[in-house]
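The values are calculated or read from the model by the stated rules, or taken from the named source; none is laboratory data. Here the structure is a predicted model, which means the values were calculated and not measured. Using ideal geometry, Cβ is built from the backbone for each residue, glycine included, and neighbour counts are taken over all protein chains shown.
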Amino acid sequence: MRLKIAVLAGDGIGPEVTREATNILRAVAELGGHDFTFVEGLIGGIAITETGSPLPKATLDAALDSDAVLLGAVGDNKFNSLTPDKRPEAGLLQIRQALGGFANLRPSTAYKALSASSPLRPEVTENVDILFVRELLGGLYFGAPRSWNKETNEAINTMRYTRDEVVRVARIAFELASKRRKKVTSVDKANVLEVSQLWRATVTEVAKDYPDVTLEHQLVDSMAMHIMNIPRNFDVVLTENLFGDILSDEAGVITGSLGMLPSATIGGAVNLFEPVHGSAPDIAGTGKANPLGAILTAAMILRHSANLEQDARAVEQAVHKVLDEGYRTADIARGGESITTQEMGKRVHQAL
Ligand code: ATP
Ligand code: MG
């Protein structure tokens with residue numbers, strides 16, 4: 001298997017956690033006889049410092065020429081005086097837009113060894129493994145009209161979807177579910193919103209092409225409760241943009257630490273992979289960053305851009321193993337003994 005990965009480490013803890021993730025990918029390549037190449041690019045604050053732009057053309061070209069983009073984190077307070085379109089975060093928005101992915105994947109996995117880090121009881125979170133599929137290019141975030149009229153004190157946003165936009169993201173959810181536990185839970189607010197009625201009708205129609213996958217519909221308000229009460233009931237959860245934003249953060253509680261959460265954005269020109277956490281400037285350079293979110297993000301590259309399911313699982317199992325063995329970075333140590341970013345990366349490598 002050949003794979004060209006653009007590595008955009010970015011700012012803060014981005015380079016620290018990305019280094020551990022690429023080390024694991026190198027190990028996977030060696031163990032599996034794959035040919036992975038890595039092309040580095042600047043993005044965010046570091047890119048502004050070195051080139052004046054948060055997303056230099058060379059970075060964008062490298063990303064578009066790759067099979068997958070691995071992004072660390074973007075953000076640096078020292079650029080706070082710049083206008084939003086010139087700040088480090090603009091680099092992230094621009095690359096997301098350029099790659100055009102419309103399906104944002106966020107797993108929410110319970111780790112037995114970390115159950116004490118979650119406010120939920122262990123018997124509630126045991127074996128939980130949810131995959132959120134959030135539509136990313138439609139809904140309230142993008143719908144027109146949108147405005148804030150300061151004279152009339154009226155503001156407007158529009159939740160808009162077309163049938164085609166729902167079909168394409170629903171297909172991704174069903175494809176993924178058919179390789180998992182074969183259940184899709186579609187979340188909407190069809191008792192109130194017409195846009196949700198279109199969503200529900202369309203998802204129901206797409207489901208007919210996947211007879212081995214069970215489809216259920218949930219209203220977003222009751223879903224918010226179910227995620228806390230009965231998270232084990234869910235496999236793939238398909239939602240529109242805003243509902244997915246909220247519910248996937250809520251479900252992060254099941255895992256227990258921001259430093260443990262991976263994500264992928266697929267469906268566009270090139271898939272984009274990034275840990276959920278940001279640049280965490282408070283701990284940058286201290287060796288305290290948890291690299292497991294980035295390492296689990298690397299596993300998602302293997303699964304979603306290289307079709308290397310076994311290798312992806314091996315990385316995920318290695319993460320479970322080091323946690324079961326008791327290794328912790330500071331964010332998940334609960335005041336107990338902790339190891340550094342690099343040591344954690346090495347432990348995962350050994351477990352692999
Ligand atoms: P950004 O603006 O880049 O999103 P932020 O400060 O808003 O940054 P995060 O960087 O996502 O938010 O993280 C919030 C806090 O969570 C951090 O300040 C840090 O203390 C902690 N944190 C985030 N990621 C990690 C990690 N990988 N390992 C350990 N702690 C983390
Ligand atoms: Mg943040």
(request) Have a look at Arg146, Arg96 and point out the one that is outside the structural domain of Ser196 (by TED's automatic domain parsing), surrounded by fewer than 22 Cβ atoms within 10 Å (Cβ to Cβ) and touching a residue at least 12 places away in the same chain (Cβ under 8 Å). (result) Arg96
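Quick grid of which residues meet (1) hydroxyl-bearing (Ser, Thr, Tyr); (2) touching a helix residue (DSSP H, G or I) at 6+ places or on another chain (Cβ under 6 Å); (3) at pLDDT below 95:
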{"position": "Ala170", "(1), (2), (3)": "no, yes, no"}
{"position": "Ser178", "(1), (2), (3)": "yes, no, no"}
{"position": "Ser186", "(1), (2), (3)": "yes, yes, no"}
{"position": "Thr204", "(1), (2), (3)": "yes, no, no"}
(request) Just name the residue that is farthest from ligand 2 (Cβ to nearest atom) out of those in the range 52-74 that are among the β-branched types (Val, Ile, Thr) and farther than 18 Å from Gly12 by Cα. (result) Thr59
(message) Let me spell it out: the conditions are (1) within 16 Å of ligand 2 (Cβ to nearest atom); (2) out of contact with any helix residue (DSSP H, G or I) (no Cβ under 7 Å at 6 or more places or on another chain), and Asp11 meets all of them except one. Which number is the exception?
(response) (2)
(request) Just one of (1) over 19 Å from the mean Cα position of the chain (by Cα); (2) crowded, with 18+ Cβ neighbours inside 10 Å; (3) within 16 Å of ligand 2 (Cβ to nearest atom) trips up Asp245, so point out which. (result) (1)
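Kindly indicate the residue of the range 14-52 that is among the acidic types (Asp, Glu) and in a strand (DSSP E or B) and also farthest from Ala62 (Cα to Cα) among those meeting that condition.
Checking each candidate, the answer is Asp35.
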(message) Against the conditions (1) near ligand 1 (Cβ under 10 Å from one of its atoms); (2) crowded, with 18+ Cβ neighbours inside 10 Å, where does Ala314 fall short? Just the number, please.
(response) (1)
(request) Identify the single condition in (1) away from ligand 2 (no atom under 16 Å from the Cβ); (2) surrounded by fewer than 21 Cβ atoms within 10 Å (Cβ to Cβ); (3) not aliphatic (A, V, I, L, M) that Asn77 does not satisfy, given that it satisfies every other one. (result) (1)
